[in-house]
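Colleague: Sharing a structure, written as structure tokens. Questions coming.
The values are calculated or read from the model by the stated rules, or taken from the named source; none is laboratory data. It should be emphasised that the depicted structure is a prediction, and the values quoted were computed from it without experimental measurement. Glycine gets a Cβ as well: all are built from the backbone with ideal geometry, and neighbour counts include every protein chain shown. Calculation scope for accessible area: heavy atoms of the full protein, side chains included, ligands and nucleic acids excluded. Shrake-Rupley method; radii C 1.70, N 1.55, O 1.52, S 1.80 Å.
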Amino acid sequence: MCGIVGYIGKRDVAPLLLEGLQRLEYRGYDSAGIVITGKSGGLKTAKAKGRVRDLEARIPKRFAGTTGIAHTRWATHGAPSDENSHPHLDADGKVAIVHNGIIDNATELRAKLEADGVVFASETDSEVVAHLIGRSQAETLEEKVRSALRLVEGTYGLAVMHEDFADRIVVARNGSPVVIGIGEKEMFVASDVAALVSHTRQVITLDDGEMATLKADDYRTYTTEGSRTTATPTTVEWEAESYDMGGHDTYMHKEISEQADAVDRVLRGRIDDRFATVHLGGLNLDAREARAVRRVKILGCGTSYHAGQIGAGLIEELARIPSDAEPASEFRYRNPVVDPDTLYIAVSQSGETYDVLAAVQELKRKGARVLGVVNVVGSAIARETDGGVYVHAGPEVCVVSTKCFTNTVVAFALLALHLGRIRDLSVADGKRIIEGLRRLPGQIAEILETEAEVKKLAEEYANAKSMMFIGRVRGYPVAREASLKLKEITYIHAEAYPASELKHGPLALIEPAMPTVAIVPDDDLLEKNRAALEEIKARSGRILAVAHRDQEKADHTIVVPKNEVELDPILMGIPLQLFAYHAALALGRDIDKPRNLAKSVTVE
């Protein structure tokens, strides 16, 4: 959840590292720090609580060097402060480390080190690693790092510098991403390709249990046990411009506005009109294997979990396979029964979400077939699953997910259609869904054109202290995701309930001060949903409906275009992304970097 960037070469390193940190600030932004090897030798550091701009103001005028590592933090152990900022040094000031992840046995290791007279400068778990490396009697930096990691339990993306080994940076990965960028007589390292693409698109992604030594003109990879590994560079598909705001005031607004093009991208080249189906070559699941699937279990966290809920509904409707979604963070701890006839699907925007990755590893250990639905090519989940679908949303920088959520649901629609046509879905229904999928980009563009109207409504409701979101069946996960978006960026308390559950308890909360957002699609449950609106109005509740036509019982209605009933949830969530955005704007929130949150959750 934090950001790492490093460089070794001939260029002045501080500006490069600061640029990289700014690219990674969505991964953590409560403090930042930098360490370089000075021209006269020795390590020079600068650290600051706050944003990267606060760090930049702290850097001395004379801060020149050609090797360095830097970090932007999302606090886990120890409150945000200068002292708790990375990099962390050992007692002699010769070793500097930046670390993503959590050291599970840090308390035990810290106690042992303190008993040996080590004085800690921070409250963090990460500082333990610096002291372990500094106290190692091994002769090489690689061996010093390796000996320290043998004592460590937990997750890490780690970069290490040492005053006595100024010609190299040593990096290591276990559960937290580390990406190496290959330049011309220069090398980069980062926790995300976003920090690298303006300098190189040739990258190597380390696997868990893998380390690397970077020199200006060379690199080598090996396991934490010391065995050499063969790493093949890949080319990053996204350009550096993809990470810029492109004239928008925020990344969230840019990413909402990109959804029509993003959906077109996930559909491109996949539709097979001849057989009224789609091609998903990356599934590695032939027709016989697909027909043998008796159940589908989808695992994700947060927004990915909500996308998985919609996906489960699509698979049940179109393929008639019993399907459900579950938070990966719960699944991995409840000793689940792993059924060989169940197809498991792991969902993650980053492809690095720790809880999802851990669930994948546990399922693979038990012999399950696991597919991935991810956005980042070559990410850990993409590599560890048996196959899957890339959602091709493009880079998503805002902490809250919008376009990736939409593309993930569309990817599930493609998967559901594929499985359905292998099983019992008719050609006519296949063509109907394909026609609906093709209409989506144009309909999304139509919804985005109503932004001014949605903005006015958002400003009207932004003074609410709490809001209720309701929907039935297909509409319920839309309500859950819309509720989450509002919470994440406005800090307004919001709850989501099935509309059918209102009278079983939540109705007690309804009053004029508690507005309700109702998902009211024009489907076979329309009258049931209207009855729920009647119940709310009878108790003087305000209602904002998202519907295919004006709802007379609602105080306001956002009308969205109609698609096929199975695909309607994809469209109904988009105006509520704009609603949350403009409510947050009216409240003066930091939209791209909401408090307490980070983009890629690579810790538990």
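Colleague: Kindly work out what percent of the DSSP beta bridges joining two residues of the chain are antiparallel, to the nearest 5.
Modeller: 60
Colleague: Next question, about the same structure. Of all chymotrypsin sites (Phe, Trp or Tyr not before Pro) in segment 274-333, which ones are in loop regions per DSSP and have a Cβ with at most 14 other Cβ atoms within 10 Å?
Modeller: F275, Y333
Colleague: Mark the label point 7 Å from the Cα of D92 along Cα→Cβ and return the residues of segment 147-174 whose backbone N is within less than 12 Å of it.
Modeller: 162-165
Colleague: A further question follows. Taking the alpha-carbon centroid of each part, what is the distance from segment 311-325 to segment 441-478 in angstrom?
Modeller: Spelled out, the Cα-based centre of one part sits 26 Å from the other.
Colleague: What trypsin sites (Lys or Arg not before Pro) in segment 50-92 are in a loop by DSSP, with at most 15 other Cβ atoms within 10 Å of the Cβ?
Modeller: Within segment 50-92, the qualifying trypsin sites (Lys or Arg not before Pro) (loop, at most 15 other Cβ atoms within 10 Å) are K61, R62.
Colleague: Enter the angle in degrees (range 0 to 90, nearest 10) between the Cα long axis of helix 106-115 and the first principal axis of the Cα atoms of the chain, meaning the one along which they spread out most.
Modeller: Compared with the principal axis, the helix lies near 20 degrees.
Colleague: Using only DSSP helix segments of four residues or longer, with each worth -39500 (n - 2.57), what per-residue ellipticity at 222 nm results for the chain after dividing by its residue count and rounding to 500?
Modeller: The helix contribution divided over the chain gives -10500 deg cm²/dmol.
Colleague: Sorted by average packing, counted as other Cβ atoms within 10 angstrom per residue and highest first, what order do 361-369, 540-548 take?
Modeller: Order by mean packing, descending: 540-548, 361-369.
Colleague: Taking the Cα-to-Cβ direction at R11 and at F120 and moving 7 Å from each Cα, how far apart do the two end points lie in nm?
Modeller: Placing both labels 7 Å along Cα→Cβ, they lie 3.7 nm apart.
Colleague: Quick one: which of 397-410, 472-485, 519-532, 195-208 comes out on top by average Cβ neighbours within 10 Å, and what's the full order, highest first?
Modeller: Sorting 397-410, 472-485, 519-532, 195-208 by mean packing, highest first, produces 397-410, 472-485, 195-208, 519-532.
Colleague: Hey, another quick one. Are there any GluC sites (Glu not before Pro) in segment 226-311 that are in a DSSP loop and have at most 13 other Cβ atoms within 10 Å? List them by number.
Modeller: Loop-located and lightly packed - E239.
Colleague: Considering only Cα-Cα distances, which of the following residue pairs are longer than 28 Å: K487/K537; K403/K593; K366/K485?
Modeller: K366/K485
Colleague: Quick check on packing: order 347-358, 418-429 by the mean number of other C-beta atoms within 10 Å, highest mean leading.
Modeller: With the highest mean Cβ count within 10 Å placed first, the list reads 347-358, 418-429.
Colleague: OK, next. In degrees, nearest 10, range 0 to 90: what is the angle between the Cα axis of helix 13-24 and the longest Cα principal axis of the chain?
Modeller: It works out to around 20 degrees.
Colleague: Still on this structure, I have one more. Kirkwood hydrodynamic radius (Cα pairs, Å) of the chain?
Modeller: 25.3
Colleague: Excluding residues fewer than 8 places away in the same chain, name every one of the lysines whose C-alpha is closer than 18 Å to that of K44.
Modeller: K10, K61, K94
Colleague: Ok, one more. Mind ranking Y344, Y390 by accessible surface for me, highest first, 1.4 Å probe?
Modeller: Putting Y344, Y390 in descending order of accessible area: Y390, Y344.
Colleague: Tell me, how many Å apart are the Cα centres for segment 497-514 and for segment 346-420?
Modeller: Each part's Cα centre sits 34 Å from the other's.
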